[in-house]
Every structure is written in structure tokens, then in C-alpha cells.
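One structure is given here, and the rest of the page talks about it.
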Amino acid sequence: MQDSFKDLLIESLGAEAASTALDALEEAPAVSVRYNQAKYQAPEGEAVAWNADGRFLAERPVFTLDPLLHAGAYYVQDSSAMFVGRIFREILALAQPEGQLRVLDLCAAPGGKTTDLLSALRDCGTDYSLVSNEISSSRVTALCDNVARWGEAPVAVTSADPAAFGHLEGWFDIIVTDVPCSGEGMFRKDPEALRQWSLDNVALCQARQRRILADVWPSLKEGGILIYSTCTFNHLENDDNVKWIAAELGAEVLPLNMEYSGPIRTECGWSLVPGFVKGEGQFVAALRKTAATGSIRIKKNAVRPDAKNVWLDADVAIIRKGELLCALPQALIADAPVLERLHPLRSGIAVGEVKGKDFIPHADLALARCLSQNAFARYDASLETALSFLKKEAIMAPDAPKGILLITYNGLPLGFVKNLGNRCNNLLPAGRRIRMEI
């Protein structure tokens, strides 16, 4: 590794910790997943200390060929990245919203932190809405798919520049910013990050992070909380940026005293470093906004449902958007006049289309956690049949009724087919099919 990287690591962590980290970076990374316990109970195994849903695996399986992954039973996520969710859970009690809690995940793709935030918000039982944003058009599709798999309704996915949020003055109670960084914490998993590393790139990342934060800052309400994170080790992108936020934008750093073996307490936050934890590199800090901010007015959004809800066991309104019926919870209905300014790619749960006398269900409806047990006839597939379905191949469903069938695996929904009797038309979107040879 470059001497300049080693020098900056020593400057940021100290000589002893840097030596431990450098040795660990030569070792193979650990494998961990985070379970969606609203759909699937986490099995026994080595738990991630800071996330009750997280488990370490003894070896890395071929995740693509596990239907449970496609059903949203779990998400493959580094254990260190789960520490952002731990901090989020700690500050949920500090947000103190006057009405519903509004949360923004600013740099969200491919969806690991968004799905963890959704689990935390669901478990705390508060009324909430989450905006999950990804500016990259090449990455936002994966975000949409992973949000769909997790199956929660009060979430909108957008693809906006951070500056677009600056116009929503005082709108969010909590903003999570896992900002683009120099990627030092991913050196074991991403050799390209190591090849691209330089002091000049670190400086460019620091400047870009500050621009992103300044752009989005007006949308955080006074007293709201920012969670700032990176997957890097150096103080320039971590503690120095936190101190810059506090001094230049107007905030106080929250100490959030917690007792965990492994994460290193820094001047302003927490640093997770290989050799001290089993995961990769991650830095997390939390700040409360002290600067005054304006607020935007929201018009009352009177909504008349376009169809009766016969599919979901939830308090939602079925709204028509073009040819598509969507299920919107009350939180998203109330926020719609503001969120529409961001041109959401998805909002709530896509239900399906009515074509003449036929109803064609959307793939996302199958994955919704609140899907009614009796909404569709079900066919529980074998592993072989489930994988054929996920490859978007024609499958057979012997003895199943004709018409729309919900294909499940171990009881968990995967998607829909139209059973014609002698074969089934596969309704899985082409973009979600498995391309790997089986």
C-alpha cells in the first residue's frame, strides 16, 4: 500500500491501531447479512453486536441462487455498515417530531441502509415517511428493487441532486448521509478503490462531501438530526468534516455514549476498523442542527381513492397514477404535494393495472409485507421451480387454479404468474430476472 495512505492512517488512528488495521486489510473479509424479521425470523448464529437482525455467516454462499434473498427475507450487508442503523435507532427518541416523522436517506443505493432504517422505523411504531434518494441513474434501479423486496409502504424513492432538497426548508426530522468517499474501508472488497486512492482524491472527496452537506442542510429542521457516515478511515473526511458541519452550518455534535467492544470512539463519532471489528471500514457521527431555518407550507391534500383496497391489510388509499394503481399510506398522501417536487420514481406500493376486465398485479405487490393472505391463490414452489420463476422462465403449477397465482418459496412470496393450465405466463419484470447460469 502507498506510504501516504499508511501515514494518513497513523495520523487518523494512531500508530498501534493503524498497524492492526493494516494487518487486517491483508485478511479475507467476513460475510454478514441482516434479516427482515417482519418476513423471516433470523436463525441462530453469530449475531452482530449492534444489530439484532444481523448475523455472520461461516462462508459466502451464492446469494443470487437463494430465493429467500429475492423474497426480501434478508439483505447482504457488511456488519460495520449496520452501525449506521444502530446510531439511527439511538437518535429516534431524540427527534421529537410534532407530527409524523420525516426521514431522508440522501445517498441510498443500493439500499442497505434504507432497508435498515425501514426496519427501525417499523419497529418503533411511529407514524413516518422515508425518502430514499440516489442521484446515480445507473444505481437507482437497484435501490427501487431492494426497497420493493423489503416490502414497507411509507417510502418514496427519488433520484435528485442534493441541491433539490435545499428548497424543502425545514422538512426533514432526520437526514442520513452516507456520503461518497475515498473508500478506504472497502479496500479488502474492492481492489479498484485501493488503486484509485491518493491524497488528491481524499481532498476532492472532502470538498464534495461538504458541498453535498451544504446543499441538503436547509431541508433539515432546526433541532433535527443529521447522521453523517463514510466508509473510510481518515480524519479529513470524518472528524474534520463533522467539525466543519458544526462550525460552518450550525450544529452540535451528539456524544451518544454507547458501550461496544470493537468500534473506536473518535473525537466526534465512531470508527469501525478491520482488526477491531469483523466488518469493513465505517465512520458514523450524529449532529443536532442549531441553525435557524425556514419552513415550507404544505397544502392539504384531499385524496379520493380510485379503487377499493382488496389486496393489502393496511390503512392505504388506492390511487391511480397513469395506468398504474398504487397503495399510499396516509403519511405519503399528506406529503404528496411536497414530494411531487422531487418526481419520485416510486411511492408507496405499486399494486397493478386494470386492463379491461382483467387485473394484472404488479411485482411489488407480491413483495409487500402487508399483502393480504387471501388476496391471491398461492403456489409454494420447490427450489428448482422457484429458481426457474426467478429466471423468468415458463413454469408449471400442477393442480393449482387457473388465473393469477402468487408464487411462494417456503411460504414467502416471490411474484406472480398467470396460470393457463398447461403452463404459466411469468409476470416477473425482466429487469429482476436471474441472469446467472444455474
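So for the pair Arg435, Arg139, with labels modelled 7 Å out along Cα→Cβ, what separation do we get in nm?
1.9 nm
How many nm is it between the label spots at Glu252 and Ile10, if each spot is 7 Å from the Cα in line with the beta carbon?
3.8 nm
Determine the distance separating the Cα centre of the stretch 390-438 from the Cα centre of the stretch 158-208; give it in Å without decimals.
Cα centroid to Cα centroid, the span is 39 Å.
Using a Cα-Cα cut-off of under 25 Å, which lysines could be cross-linked to Lys391, ignoring same-chain neighbours fewer than 8 residues away?
Within the straight-line limit of under 25 Å, Lys391 reaches these lysines: Lys39, Lys402, Lys418.
When the distances between all Cα atoms of the chain are binned every 20 Å from zero, what whole-number percent does each bin get?
All Cα pairs, binned at 20 Å, distribute as 25, 54, 20, 1 percent.
Using 0.36 nm times the number of residues separating Asn410 and Arg341, minus their current alpha carbon distance, what extension gain do you get?
Working: separation 69, 0.36 × 69 = 24.84 nm, distance 4.08 nm.
Value of the extension gain: 20.8 nm.
By how many nm would the segment from Thr290 to Tyr40 lengthen if fully extended, with 0.36 nm per residue of separation less the alpha-carbon distance?
Working: separation 250, 0.36 × 250 = 90.00 nm, distance 4.06 nm.
Length gained between Thr290 and Tyr40: 85.9 nm.
Determine which lysines satisfy two conditions relative to Lys221: a Cα distance under 24 Å, and not lying fewer than 8 residues away in the same chain.
Lys113, Lys243, Lys289, Lys299, Lys300
At most 10 other Cβ atoms within 10 Å and a DSSP loop assignment: could you name the GluC sites (Glu not before Pro) in the stretch 355-438 that fit?
Details: sites: Glu384, Glu393, Glu437; in loops: Glu393, Glu437.
Filter output for the stretch 355-438: Glu437.
Roll a 1.4 angstrom probe over the protein heavy atoms and tell me the percent of accessible area of the chain that is carbon or sulfur. Numbers along the way, then the final one.
Values: 9110 of 18800 Å².
Solvent-exposed carbon and sulfur of the chain make up 48 percent of the total.
May I ask you to list the GluC sites (Glu not before Pro) in the stretch 216-259 that are in a DSSP loop and have at most 14 other Cβ atoms within 10 Å of their Cβ? Show your work: numbers first, answer last.
Details: sites: Glu222, Glu237, Glu248, Glu252, Glu259; in loops: Glu237, Glu259.
Counting only loop positions with at most 14 other Cβ atoms within 10 Å, the GluC sites (Glu not before Pro) in the stretch 216-259 are Glu259.
In terms of the Cα gyration tensor, with a ≥ b ≥ c the square roots of its eigenvalues, is the stretch 230-276 rounded because a/c is under 1.5, prolate because a/b exceeds b/c, or oblate?
Working: a/c = 3.72, a/b = 1.53, b/c = 2.43.
Oblate is the answer for the stretch 230-276, as a/c is 1.5 or above yet b/c matches or exceeds a/b.
Report P(r) for the stretch 146-188: all Cα-Cα distances, bin width 10 Å, range 0 to the bin holding the largest distance, values in whole percent.
For the stretch 146-188, the pair-distance distribution reads 17, 38, 35, 9.
If exposed trypsin sites (Lys or Arg not before Pro) are those in a DSSP loop with at most 15 other Cβ within 10 Å, what is the longest stretch of the chain that has none? Numbers along the way, then the final one.
Numbers: sites that count: Lys189, Arg297, Lys299, Lys300, Lys308, Lys357, Lys402, Arg423, Arg433, Arg435.
Longest stretch, sites excluded: 1-188.
The values are calculated or read from the model by the stated rules, or taken from the named source; none is laboratory data. Fair warning: this is a prediction, and the values are worked out from it, not measured in the lab. Cβ: placed from backbone, ideal geometry, glycine included. Neighbour counts: every protein chain shown. Keep in mind that these areas ignore ligands, DNA and RNA; they rest on the heavy atoms of the full protein, side chains included. Shrake-Rupley method; radii C 1.70, N 1.55, O 1.52, S 1.80 Å.
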